[in-house]
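Report on one structure; see the data block that follows.
The values are calculated or read from the model by the stated rules, or taken from the named source; none is laboratory data. Since we're looking at a predicted model, the values are computed, not measured. Please note: Cβ atoms are built from the backbone with ideal geometry, for glycine as well, and neighbour counts cover all protein chains shown. Accessible surface areas use protein heavy atoms only, side chains included; no ligands, DNA or RNA. Shrake-Rupley method; radii C 1.70, N 1.55, O 1.52, S 1.80 Å.
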Amino acid sequence: MSADQTVVSGESVRRRIRNGALGLACVAIAFYLGFIALLVFRSHY
Amino acid sequence: MANAHSSDTAHHDDHHDEPAKGIKRWLFATNHKDIGTMYLVFSLIMFFIGGAMAMVIRAELFQPGLQLVDPVFFNQMTTNHALIMIFGAVMPAFVGLANWMIPLQIGAPDMALPRMNNFSFWILPFAFTLLLSTLFVPGGMAAGGWTLYPPLSLQTGDSFPMLIFAIHMMGISSIMGAINVIVTIMNMRAPGMNLLKMPLFTWSWLITAYLLIAVMPVLAGAVTMLLTDHFFKTSFFNAAGGGDPVMFEHIFWFFGHPEVYIMILPAFGIISEILPTFSRKPLFGATSMIYAIASIAFLSFIVWGHHMFADGMPVAAQLFYMMSTMLIAVPTGVKVFNWTATMWRGSLSFEPPMLFAIAFLFLFSIGGFSGLMLAIVPADFQYNQTYFVVAHFHYVLVPGAIFGIMAGVYYWLPKWTGHMYSMGLAKTHFWLSAIFVNVLFFPQHFLGLAGMPRRIPDYAVQFTDWNMVSSIGGFAFGLSQILFAVVIIQCARGGKKATAVVWEGTHPTGLEWTLPSPAPYHSFTTAPEVR
Ligand code: HEM
Ligand SMILES: [Cu+2]
């Protein structure tokens, strides 16, 4: 997911776009794995 | 937040000025307008496929007894009708509108991540081909309801892993789309387009995108656990193995309730654009509209238990979910009040977008009220799993979300194609839709209150009359939608030239109206200044 693809050429904006996208993707992955982890620890086995 | 400098957004040397020829234009599309168009066309196709399934359902329910299809197939239809309408029709339609309109409204040359945008779209045809192909595998399509509750959903035949994979793909597509929306809005606004000046449609999408990022992964997690329970001997939702099937419902509805707001918030945004235009007045309380959307989005995370009252839960939990659900009526009331106040003493005219917006206002409110009834715990014990619930969610989704989409399409279509469409045909489409949607869904309130259960192919004879009425409404509503496609196709092919502002009363909050119609293939390559 490199910011190379954007139509924006300003370096700082490109960096913000890339970091923003990566940050949000991490949030999404955290929710995914977090809920699975929650259930792993909540099961009574 | 600081804006992009105009010199930064101005160049994009690696892009051609003209669209590529033939299939490559679409396959390798990175232009937000092309991708928006593909989303919208895809959504319309899914709307008709999902609609065909609804016709099967209403045909079977025309009379009591088993008439046309066998019960398992009937359940396959209810399950897949819902999945296709939610993930294939409503959500992609809003993403298509976002693609087209967000860059145009904020003065950006494109979405921030155009290649990811291409990928977000092209996942969908694969996901839905996979989902629809389950019709032909042994055991048929999933039939346990769109809510996928185990253990029932685990009894799905060979189509089970296909269903789960399709849902994962839809989730990935939505998450990438949402990321794109957020980084675009946060980084690509034209100088001077500060957040409080931003048009309401773009605002509603910013908030919706956060909801998507928070809850689509939760759905993905839930279905992943279904998959491992089915194939890898885990027991997340299996009580015999130490798991808990009710836990699935908690997770599903932690996704599911925000999901219903994902399907209505962008419609709120569209309505907030249309009412001022055709009232020739600025939106009443524009800032409070933004706060109202944000509060609704926040509250949508703490109300999921209202889908589970009848499961049994501590009284304190019942009270919490009941009260928090009713709290949503406050910001929703603010919005309905502001919309009404926008029209108050306005110089109203009734072009098709306005007609759909006004119908939205009345009919969405009916769905809101039946929602409030369902939120009352003792009442829900009666209504739960009946046609009353079906009536509720169809009122918020059809004359709510879908009328919102249609209003938006009729509002911006001339901006996209450069042509005005046939007002006569569009108004006919409106009146047929507005009348028959009520013939279709209003009787379902009576059926539900009288005790007719949902998701059944047969019913007791006393329910016959209202079911016949509902089915007739359904066939008529379904047929009327052909007009929608006709209007769009005609408009794409030609018609009276549209002006830049398109509508006489256009109140220029969004920058789309500063562009000619049709909007040029590359727009705002030099960022405009917003005062
Ligand atoms: C005005 C605020 C609303 C309230 C108070 C509300 C309340 C409720 C309640 C309590 C239920 C559960 C009924 C039951 O299963 O017994 C429900 C179901 C449902 N609601 Fe709403 N709702 C509201 C708005 C919406 C909106 C805006 C949408 C979608 C655009 C929506 C879509 C749904 C759906 C799809 C279901 C049924 C889910 C299923 O069981 O398949 N609701 N609502
Ligand atoms: Cu809910």
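Computed from the Cα positions only, the extents of segment B:396-508 along the three principal axes stand at 57, 26, 20 Å, in decreasing order.
In chain B the Cα-Cα distances spread across 20 Å bins starting at 0 as 22, 58, 20, 1 percent of all pairs. Under 20 Å of direct C-alpha separation, and excluding same-chain neighbours fewer than eight residues apart, residue B:24 reaches these aspartates and glutamates: B:13, B:14, B:34, B:110. Here, segment B:368-461 has an Rg and a Dmax of 17.3, 54 Å when only alpha carbons are counted. Taking segment B:234-283 on its own, what percent of its Cα-Cα pair distances exceed 15 Å? Cα-Cα pairs of segment B:234-283 separated by over 15 Å account for 64 percent. Farthest towards the positive end of the charge dipole of the protein assembly as shown, among the residues B:334, B:210, A:30, is the Cα of B:334, using unit charges on the Cβ of Lys, Arg, Asp and Glu. Working note: 222 nm ellipticity from helices only, DSSP H runs with n ≥ 4, each -39,500 (n - 2.57), summed and divided by the residues of the protein assembly as shown, gives -21500 deg cm²/dmol to the nearest 500.
Helices meeting the span-like rule in chain B (full DSSP H runs, Cα extent of at least 27 Å along the helix axis, mean Kyte-Doolittle score of -1.0 or higher): B:32-60, B:114-133, B:160-187, B:200-231, B:352-375, B:423-449, B:464-493. Straight-line reach from residue B:197: taking Cα to Cα under 25 Å and skipping same-chain neighbours fewer than 8 places apart, the lysines in range are B:33, B:281, B:335, B:415. For chain B, build the charge dipole from Cβ charges (+1 Lys, Arg; -1 Asp, Glu) around the Cα centre, then report which of B:65, B:143, B:289 sits farthest towards its positive end. It is B:289.
For the protein assembly as shown, with only Lys/Arg (+1) and Asp/Glu (-1) charged at the beta-carbon, what is the dipole magnitude about the Cα centre, in debye rounded to 20? Its charge dipole is roughly 1000 debye. For residue B:419, which sequence-distant residues (separation of 5 or more, or a different chain) have an amide H within less than 5 Å of its own amide H, given hydrogens modelled in the peptide plane? Those lying under 5 Å, H to H, from residue B:419 are B:498. Proximity of backbone amide H atoms, modeled 1.01 Å from N, is registered between residue B:386 and B:454 at under 5 Å, excluding neighbours fewer than 5 places apart on the same chain. Ligands, DNA and RNA aside, residue B:288 has an accessible area near 40 Å² when probed at 1.4 Å. For the protein assembly as shown, taking the reciprocal of the average inverse distance between every pair of different Cα atoms yields a Kirkwood hydrodynamic radius of 24.4 Å. Put a plus charge on the Cβ of each Lys and Arg, a minus charge on the Cβ of each Asp and Glu, and nothing anywhere else: the dipole of segment B:27-514 about its Cα centre is then about 1360 debye.
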